[in-house]
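S.K.: After the structure tokens below, expect a handful of questions from me.
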Amino acid sequence: MHVHQLTAENFKRLQLITITFPPGGGTFEIAGANSVGKTSAIDAVFAALGGKDASPEQPIRAGQRSGRVVLELGEYRVTREWDARGTRLTVTGADGARVGSPQTLLDGLFARLAFDPLDFTRQGGRAQAETLRRVAGLDFAELDRRRAGAFAERTDVNRAVRRQEAVVAELPEVAETAEIDRVGLSARLSTASRHNVQLEQALGYVKSRREDAEDAEDEVAALERKLEQARARRDQRRAVAEQAAAALAQLGPEIDTAPILEEIAEIDQTNRRARAYRERRAATEQLRANRAHAEELTLDLDRIDAERARLLAEAPMPVAGLSLDGDTVTFGGVPFAQASAAEQVRVSLAIAAALNPRLRLVVIREGSLLDGASLRLVAAWAQEHDYQVLVERVADSTLGPGVVIEEGRVKDQAPAEAAGRLFA
Ligand SMILES: Nc1ncnc2c1ncn2[C@@H]1O[C@H](COP(=O)(O)OP(=O)(O)O)[C@@H](O)[C@H]1O
Ligand SMILES: [Mg+2]
């Protein structure tokens, strides 16, 4: 689909113009001196198709109350009007009936991104890369997120490796030692202690009973009258004392605790060594695990980078030689901004073609910057790809088909046959 006719009235610099385009693809020059309304004509097309925010700030020509642009697209007629209340869009079909949701229809016909393909050459590196990713259907968001995650994690793990290396270095090296159970010995010790306490108590008891007996002897001497009594008591107490002595003999000799204590001390020392051995072995194990984890993450990063390279290599690029290096678009291996003017034009047009809008129309606002060779390249491309290319040029006549504008009106229209002149 192409634009058959453009009519603009009181739009920006334009008073009233009607341009009838030759059928099919090809360049069409909008020529004229400075400030005559060339860009206004191109903006009129863009504003008619592009929705509310495609209108310039002041669309209506100064001194007028309303403005209007009409585009004949064959299948549709697009009318956009501006007045004090704002802007109105009407799209009618071939039968003259109004189309519902006219802007949605236009959005399906027209790729805003492709309207001026050389905008691509003027975009910054990042925006260029974004456009190309859209055209080639590449989305690195998930890969970028995974890569950033793995990278951050590896940084943390490497930090843990260094910390753990310091921990291991601080710990003494100890030969492998097993801990020995000392519960049995402790029981023996407490039995012995209990026995010895009992023994001591019994000793004290025997001693005091003997003292009692001696007291009784004294009493015998002192108290003749109570001699018999005292003797009886003495005999009785002797008997008790002898009984106790017999019990004492039953208890057996005193047990020596020194060897038990010595054995306990030895075990404690062994167990300290066992703990030190275990601690260092665990720390070394942790260090090995950390190192292995860091290596795994490095492999992850390599795999992510390889996946990105594979996606890029397999992406359908609109032009051979076009690629992406991070956020830089490259052409033939060099940054796109460093490609020749002709190469930049060729790539930009190819990107517009890859977007493949139904309305096959692009504009080149800075046509004056194109030399004859570049313009011929554009004309050949336009014919080959069946695109209408409106080229704005500061000139008092056209090289091929086009119009010359003067004072906001069409002064002169060169016919379609003028295309031959471009290639002469
Ligand atoms: N709404 C408007 N009313 C009147 N003049 C305008 C309006 N908008 C822009 N202009 C004038 O139009 C001229 C620029 O028109 P433009 O179409 O860009 O010219 P060209 O591309 O031919 O150099 C400027 O002189 C500018 O002041
Ligand atoms: Mg201009």
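Derivation of every value follows stated rules applied to the coordinates shown; laboratory data play no part. Bear in mind the structure is a predicted one, so any value in this text is a computation, not a measurement. We place every Cβ from the backbone using ideal geometry, glycine too, and count neighbours over all the protein chains shown.
S.K.: Using a 7 Å offset from the Cα along the Cα-to-Cβ direction at both residue 87 and residue 291, what is the distance between the two label points in nm, to one decimal?
M.R.: 6.7 nm
S.K.: What share of the DSSP beta bridges in region 290-424 is antiparallel, in percent to the nearest 5?
M.R.: Numbers: 11 of 15 bridges.
Percentage antiparallel, nearest 5: 75.
S.K.: Additional query: Taking R0 as 45 Å, what's the FRET efficiency between residue 312 and residue 281 from their Cβ-Cβ distance, rounded to 0.05? Display every interim value, and only then the final one.
M.R.: Working: r = 47 Å, r/R0 = 1.05.
Here the calculated transfer efficiency is 0.40.
S.K.: Between residue 217 and residue 130, 0.36 nm times their residue separation minus their Cα-Cα distance comes to what?
M.R.: 19.1 nm
S.K.: Still on this structure: Could you name the aspartates and glutamates whose alpha carbon sits less than 16 Å from that of residue 226, not counting residues in the same chain fewer than 8 places away?
M.R.: Cα-Cα hits under 16 Å: 214, 215, 217, 218, 235.
S.K.: Once the dipole of region 104-213 is set up with Lys and Arg at +1 and Asp and Glu at -1 on Cβ about the Cα centre, which of 199, 105, 118 lies farthest towards its positive end?
M.R.: Of the candidates, 199 comes out farthest on the positive side.
S.K.: For region 281-315 and region 15-92, write down the distance between their C-alpha centroids in whole Å.
M.R.: With region 281-315 and region 15-92 each reduced to a Cα centre, they are spaced 57 Å.
S.K.: Taking amide H atoms as placed 1.01 Å from N in the peptide plane, list the residues 5 or more away in sequence, or in a different chain, whose amide H sits under 5 Å from that of residue 27.
M.R.: 389
S.K.: Shifting gears a bit: Over region 138-198, with a single point scatterer placed on each C-alpha, what log10 of the ratio I(q)/I(0) does the Debye formula yield at q = 0.12 1/Å?
M.R.: -0.65
S.K.: Let me ask something else. Below 8 Å between Cα atoms, with a sequence gap of 6+, how large is the relative contact order for region 1-150 in percent? Kindly include the intermediate steps, with their values, before the conclusion.
M.R.: Numbers: 197 pairs, mean separation 28.3, N = 150.
19 percent.
S.K.: Among DSSP beta bridges lying fully in the chain, give the percent that are antiparallel, nearest 5.
M.R.: Roughly 70 percent of the DSSP beta bridges within the chain come out antiparallel.
S.K.: Now a separate question. Mind listing the phi-derived Karplus ³J(HN,Hα) values for region 21-33, rounded to whole Hz, using 6.51, -1.76 and 1.60 with θ = phi - 60°, and x for any glycine or proline?
M.R.: Result, ordered by residue: 8, x, x, x, x, x, 7, 9, 7, 10, 10, x, 6 Hz.
S.K.: Using +1 on the beta carbon of Lys and Arg, -1 on that of Asp and Glu, and nothing else charged, what's the dipole of region 150-199 about the Cα centre, debye to 20?
M.R.: 300 debye
S.K.: Can you list the aspartates and glutamates whose alpha carbon sits under 18 Å from that of residue 12, skipping same-chain ones fewer than 8 residues off?
M.R.: 43, 53, 57, 81, 83, 392, 406, 407
S.K.: Report, in order of residue number, the helices in the chain meeting two criteria: a C-alpha extent of 15 Å or more along the helix axis, and a mean Kyte-Doolittle hydropathy of at least -0.5; treat each whole DSSP H run as one helix.
M.R.: Span-like helices here: 38-49, 341-355, 372-385.
S.K.: Mean separation of Cα pairs under 8 Å and 6+ residues apart, divided by the residue count of the chain: what relative contact order is that in percent?
M.R.: With pairs under 8 Å counted, the relative contact order is 31 percent.
S.K.: Show me, bin by bin at 5 Å from 0, the whole-percent P(r) of region 198-352 based on Cα pairs.
M.R.: 2, 7, 8, 6, 5, 4, 4, 4, 3, 4, 3, 3, 3, 3, 3, 3, 3, 3, 3, 3, 3, 3, 3, 3, 3, 3, 2, 2, 1, 0, 0
S.K.: Starting from the amide H of residue 325, placed 1.01 Å from N in the peptide plane, find each other amide H under 5 Å away whose residue is 5 or more places distant or on another chain.
M.R.: 330
S.K.: Here's another thing I want to ask about it. According to a simple spin-label model (label point 7 Å from Cα along Cα-to-Cβ), what is the distance in nm between residue 153 and residue 141?
M.R.: For the pair residue 141/residue 153, the computed spacing is 2.2 nm.
S.K.: Dividing the convex hull volume of the Cα atoms of the chain by its residue count, what figure in Å³ per residue is obtained? Provide the component values of the computation, followed by the final result.
M.R.: Details: hull volume 146.7 nm³, N = 424.
Each residue corresponds to 346 Å³ of Cα convex hull volume.
S.K.: For residue 53 and residue 337, what does the FRET efficiency come to when R0 = 41 Å and r is the distance between their Cβ atoms, rounded to the nearest 0.05?
M.R.: Values: r = 28 Å, r/R0 = 0.69.
Rounded to the nearest 0.05, the efficiency is 0.90.
S.K.: A further question on this structure: Looking at 323, 334, 356, which one has the Cα that reaches farthest to the positive end of the dipole of region 316-424 (charges on Cβ: Lys, Arg +1; Asp, Glu -1)?
M.R.: The one lying farthest along the dipole's positive direction is 356.
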